1. Projected area of region 96-160, taken from the Cα convex hull and averaged over every viewing direction, in nm²?
2. If you keep only loop residues by DSSP, which GluC sites (Glu not before Pro) in region 69-172 have at most 12 other Cβ atoms within 10 Å of their Cβ?
3. Give me the 1.4 Å probe accessible area per residue for region 60-101, excluding ligands and nucleic acids, in Å².
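The values are calculated or read from the model by the stated rules, or taken from the named source; none is laboratory data. Computed from a prediction, not measured in an experiment: that's the story for all the values here. When we count neighbours, we look across all protein chains shown, and the Cβ atoms used for this are built from the backbone with ideal geometry, even at glycine. Just the protein is used for accessible areas: all its heavy atoms, side chains included, with ligands, DNA and RNA removed. Shrake-Rupley method; radii C 1.70, N 1.55, O 1.52, S 1.80 Å.
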Amino acid sequence: MAYEPKEENPPNWKRDFPIRQDEATHISRREFAKFLCLLSGGLALGNGYVVLSSFAFPDKELEGEHFVCNTSDVPVGGMTMFAIQGTREIPYILIHLSEGEWRAFEQKCTHLSCAVVYRDEVKKIECPCHNGWFSADTGEVLQGPPPRSLPQLSVVVRDEKVYVTAFNDTVS
Ligand code: FES
């Protein structure tokens, strides 16, 4: 039997809520098993939802041109972030590589989806999470754990305005 210290004059709150500490902190095997079942059931449902939603709402192919910014908004060597409204909002980066040369890539690293950034001092794209590096020209992996290149968009500049379209190697 557990040790129960006797208090002569317990405070009012203890009289109102007479819960013994050993009862309040004890977790039975049955309760623990129930918790594990609920947890694994929840995880299974979550995974199922992700799989089903990717079938139910597949990524739509990007159609048409999308305005990003004015050319004057991003100096040579600069980068800006943007998103295109769609079924899912994907973050992108637009890089002004050199005079008249623009590139646009998804901002999510292909390793674990950290946000990548353009480093003009080395002319590369860095993923700071696990020291991953990508080519700012093509999005190819140069170093680190990312398994695939960054998905790219084509950039079209017209009337001092920057637009992006689905990737097409003939447009730079
Ligand atoms: S998330 Fe980018 S390198 Fe790991």
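1. With every direction weighted equally, the projected area is 4.3 nm².
2. Loop-located and lightly packed - GLU89, GLU99, GLU121, GLU160.
3. Heavy-atom accessible area per residue stands at 61 Å².
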